[in-house]
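Contents: one structure, followed by commentary.
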Amino acid sequence: MGRLHQNVGNVGEAIAAFQEAIRLDPARADLRLLLGQVFYRQGNLPEAAAVYREASQLEGRAAAKGLAYVGYVQRSQLLFRQALSTLKVALTRRPRDARIVSVMEDLDQATPAPG
């Protein structure tokens, strides 16, 4: 139901539907990733990062994606060093994820050397 609301632009209803689904099945990290996408697209980056971080604490493939998504949000917030650090950890969970590697390379170039 959350995806349907999201697809037609009913952001409030999408958020409520995903939150209800999470309440009913709290172990599903994928639901948190979907809720995080709604917040991210809405421009609510702190809330997106919080939901993605919750997802990263659960089990499974979607949970491993959650930490990478936290890094992507940090990059959007121009928190380049934090994003790079987060993505390094995410890469240990998803070592073949080409997107993580690509974003890390971009961050390496965008992050000034300390000192």
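The values are calculated or read from the model by the stated rules, or taken from the named source; none is laboratory data. All values derive from a computational prediction rather than experimental measurement. Don't worry about glycine lacking a Cβ; one is built from the backbone with ideal geometry, like all the others, and counts go over all protein chains shown.
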Would you pick out the residues in the stretch 106-115 that are farther than 24 Å from Glu47 by Cβ and either assigned to a helix (DSSP H, G or I) or modelled with pLDDT of 95 or more (or both)?
-> Asp106, Asp108, Gln109, Ala110
Given the structure, is Ala14 closer than 26 Å to Met104 by Cα and crowded, with 19+ Cβ neighbours inside 10 Å?
-> no
Breaking point among (1) more than 21 Å from Gln37 (Cα to Cα); (2) modelled with pLDDT of 90 or more; (3) in contact with a Phe, Trp or Tyr (Cβ under 9 Å, 6 or more places away or on another chain), for Arg96 = (3)
Positions within the stretch 69-86 being farther than 19 Å from Leu58 by Cβ and either surrounded by fewer than 18 Cβ atoms within 10 Å (Cβ to Cβ) or touching a Gly at 6+ places or on another chain (Cβ under 7 Å) (or both), in sequence order | Ser76, Gln77, Leu78, Leu79, Phe80, Arg81, Gln82, Ala83, Ser85
Of all residues in the stretch 25-54 being touching a Leu at 6+ places or on another chain (Cβ under 8 Å) and surrounded by fewer than 17 Cβ atoms within 10 Å (Cβ to Cβ), which is nearest to Ala83 (Cα to Cα)?
-> Ala27
Can you list the helices (runs of 4 or more DSSP H) found entirely within the stretch 1-70 that contain at least 1 residues being farther than 30 Å from Lys88 by Cβ?
-> 2-7, 11-24
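Here's the yes/no breakdown for (1) in contact (Cβ under 8 Å) with a residue 60 or more places away in the chain; (2) closer than 18 Å to Ala50 by Cβ; (3) touching a strand residue (DSSP E or B) at 6+ places or on another chain (Cβ under 6 Å); (4) not in a helix (DSSP H, G or I):
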residue	(1), (2), (3), (4)
Tyr72	no, yes, no, no
Arg81	no, no, no, no
Thr86	no, yes, no, no
Val89	no, yes, no, no
Pro95	no, no, no, yes
Ile100	no, no, no, no
Met104	no, no, no, no
